[in-house]
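Notes for the one structure printed next.
The values are calculated or read from the model by the stated rules, or taken from the named source; none is laboratory data. These figures come from a predicted structure and were not determined experimentally. Cβ coordinates were reconstructed from backbone atoms using ideal geometry, including for glycine residues, and neighbour counts include every protein chain displayed.
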Amino acid sequence: METILILAAFFIGAVYLMSRSVETGLGSVGGALRQIGLFILQKNPPGLVDIFDDRDGSGSRTWMNFGMLWLVLAGLLGFLDGWHNYDPTALDSLASVGWSYDDGSALREATTNVLQFALLFGLVGASLVAVSRNGNGRLASEANASLIAVLLSAVLVAQYVLPFILGFADVDTSVAPFSIVLFSLESMVLGLLFVPVLINILLTVSTRENEDLSTSSWFLIMGVFVHIMAMLTVFFGDLAGSEQVEWFGRRVGSGWVPLALMFAVGYHVVPMAAQVPIWSGTLRSASMFFLFMTVPALSLTGIEATGFMTNLMAIMVTLGLLPILAASVNIVMTAIKGLASVAENPGAIAGMFAFLLLPFYAVGTYFTGMDAFVGAGELGAMAHTVNTGLLFTVGGLLVLSGVFSNYPLAVGKPLSSGNSTLAAWFVAIGGVSSTIVYLMGNFTKNAVEQSGAEDVVAADGGFYLTGAALFYLLGIGAIMASMAVIRTGISPAKKIMDTSVAQAVSTYTLTAGSATTIRNLIGRGVGVDTELVISETTTKKGGSTVIAVDASLHNDEVKEFPSKASDALVEFVQYLVNTGQSVMDVFMAMDMDGSGRVDSQEFLTALVKTDIKELTTMDAEALVASMDLDGDGELNLPELDIAIAQIKRDHNLTAQEEE
């Protein structure tokens, strides 16, 4: 058991070093490593990356698309698994294609495997959007992110195709060394494929300049990092035949990783929708610290251990409830502070449901996991039921939460809501009710088996039938959510600029002491109608919705206009005031190519349409340059809003009919 202690110390040390490297940077070698990382993402494999789209948000969108695909498949498999428990002969017709069932373990394993991939894709994809908003509005390489998503999906498919092709479908791995290596390679591939994902994330957050790293970014970085380490640990444990090494790697992969990704989505979606800072910075820190210092009971299995190590592990598993309770209370209280806004956002509703249910499922996994760990076996199949229920219900709700909130940010279009809220209700009700009924069936079966009465017939079949019917609601909810995602992606709605989609917050808190850019404000969800609240204290309240920016963000930052251009701009603003047009209407009319930016030619065209014909192209370029706060040569919506507001203020413009 000492091997596990050594591995635990190694993992905790590695997590600490990673966090310090992200926080402090790599000094003088950081620039060289960034160039190497960009080369790896953009040029390798040669020619393959180039076939994928590199537009803003395309990588995150690909991950979320695959996440919804696998979630729907997992829901269908979960329904079949529940029905098979009720009627073991229901799927006998599939034996004609070479898939036999016996006790249904193959179907159960496939359901769990596909579900884990669904959560991995959905939660990582949603978190990548949060990371891009914490940087410069896009991933370092959107094309590489899409490539990795496709390769990971290919690995999932290969798990069930290669054994039949190579003739290992029915091979006993205990007596077939080559097949052991083949199955172990899967873990190594799953680990190595996430290396470019981690590089992509680190390069993205490195562009945040003076911005604090958001809570969601922290959890995603740590989750992806420990996933890589866990998969490689499982590979080397399998290869060396070390049960303890393999056990530890699987506990990290099934405990730390999914919880870290769940927290990453929750800490981004709920505060953004509630339009308030995270409720407690202390609970946020506790949820991160204790997550990587304890042993989550999720999917816990037994292993041979001394009495001392068993007691120590029991203590660590008990403490593993702390990060779950801390994150759940923190996110739910944040949602309550902005409940009116949360109630209007399907993604926030799904996220709040998830963290309301997570503590109850966590307590269930604690008791069933401890039973499995000590090898008592008194709870039978209850551990699998509770673990699967947590992943399907809480994990599924958080996938929906991330997709409903962040998929529109990735595609730059408003959510085609439709039945999105109803889908969240279906997943919540179907997941909870089916878990309860399945547990009743497990309890009845255990009671009959332990009674030793041979003439007693267990009535668990009715529970499994009812549970499968209730679980069908979860599958329907996943399908409805997928339809909402598809409608959003193909919606003819005009693409909204950059990453500041229609879900802009109504108020935003700024603190004095550091600088920011318009792009960073947009990435945080600030829109043209957002009320900026300047805080007079330099104390950071924490959370992904509070950032530190220069309190001097006002109209004096706009450069002095050229004289001729200034006269034309005043006349143009007067025209807007007279016609009652909003800045949003004007910007959308100017942005003829739908790029989210207005160049000098587009601006000049708009001026000419208002009969202001004195300007030349050179004058228009000078005018655009005078309003261009971020120096990219084009105007975005906040820049135009600030410039027009300054003209109105300086010249006291009112509608002519009022004069």
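Figures for the structure shown
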{"item": "Segment 15-31 residues that are under 20 Å from A230 (Cα atoms) and modelled with pLDDT of 85 or more, paired with ones that are surrounded by 11 or more Cβ atoms within 10 Å (Cβ to Cβ) and of a type outside the set (S, T, N, Q) (beta carbon under 6 Å, 6 or more apart)", "result": "V15/F292; M18/F225"}
{"item": "Filter result (more than 30 Å from E211 (Cβ to Cβ) and of a type in the set (G, A, S)) within segment 136-162", "result": "S153, A154, A158"}
{"item": "Test: residue in segment 227-236 that is within 17 Å of the chain's Cα centre (by Cα) and closer than 27 Å to L152 by Cβ", "result": "yes"}
{"item": "Every residue from segment 192-203 that is in contact with a Ser or Thr (Cβ under 7 Å, 6 or more places away or on another chain) and surrounded by fewer than 24 Cβ atoms within 10 Å (Cβ to Cβ)", "result": "none"}
{"item": "One residue from G249, G237, G255 being assigned to a helix (DSSP H, G or I), under 26 Å from L397 (Cβ atoms) and of a type in the set (G, A, S)", "result": "G255"}
{"item": "Residue in segment 426-438 that is under 19 Å from G122 (Cα atoms), aliphatic (A, V, I, L, M) and at pLDDT 90 or above present", "result": "yes"}
{"item": "Pairs, first crowded, with 24+ Cβ neighbours inside 10 Å in segment 117-128, second not in a helix (DSSP H, G or I), C-beta under 7 Å, six or more apart", "result": "L128/L139"}
{"item": "Test: S184 is more than 29 Å from the chain's Cα centre (by Cα), modelled with pLDDT under 80, assigned to a helix (DSSP H, G or I) and among the hydroxyl-bearing types (S, T, Y)", "result": "no"}
{"item": "Residue match in segment 303-310 (condition: among the hydrophobic types (A, V, I, L, M, F, W, C) and without any contact (Cβ under 8 Å) to a residue 12 or more places away in the chain)", "result": "yes"}
{"item": "Residue match in segment 224-247 (condition: among the small types (G, A, S), buried (at least 19 other Cβ atoms within 10 Å of the Cβ), modelled with pLDDT of 90 or more and under 19 Å from F10 (Cα atoms))", "result": "yes"}
{"item": "Long-range neighbours under 9 Å by Cβ, at least six apart or interchain, first residue of a type in the set (S, T, N, Q) within segment 244-265, second part of a helix (DSSP H, G or I)", "result": "Q244/E2; Q244/T3; Q244/I4; Q244/L7; Q244/G237; S254/Q116; S254/A230; S254/N387"}
{"item": "2 or more residues within 22 Å of the chain's Cα centre (by Cα) and more than 22 Å from G462 (Cα to Cα): qualifying helices (runs of 4 or more DSSP H) within segment 336-446", "result": "339-342, 346-374, 396-411"}
{"item": "Residue in segment 255-283 that is farthest from A230 (Cα to Cα), counting only those that are surrounded by fewer than 24 Cβ atoms within 10 Å (Cβ to Cβ) and out of contact with any helix residue (DSSP H, G or I) (no Cβ under 6 Å at 6 or more places or on another chain)", "result": "P277"}
{"item": "Hits in segment 301-311 - residues which are of a type outside the set (V, I, T) and within 14 Å of T3 (Cα to Cα)", "result": "E304, A305, M309"}
{"item": "Meets criteria (modelled with pLDDT under 90 and either within 28 Å of L213 (Cα to Cα) or assigned by TED's automatic domain parsing to the domain that holds A126 (or both)) for V295", "result": "yes"}
{"item": "Checking Q159 against (1) at pLDDT 80 or above; (2) in a helix (DSSP H, G or I), the condition it does not meet", "result": "(1)"}
{"item": "Criterion: at pLDDT 90 or above, touching a Gly at 6+ places or on another chain (Cβ under 6 Å) and either under 25 Å from A130 (Cα atoms) or surrounded by 18 or more Cβ atoms within 10 Å (Cβ to Cβ) (or both) - qualifying residue of F11, F79, F66", "result": "F79"}
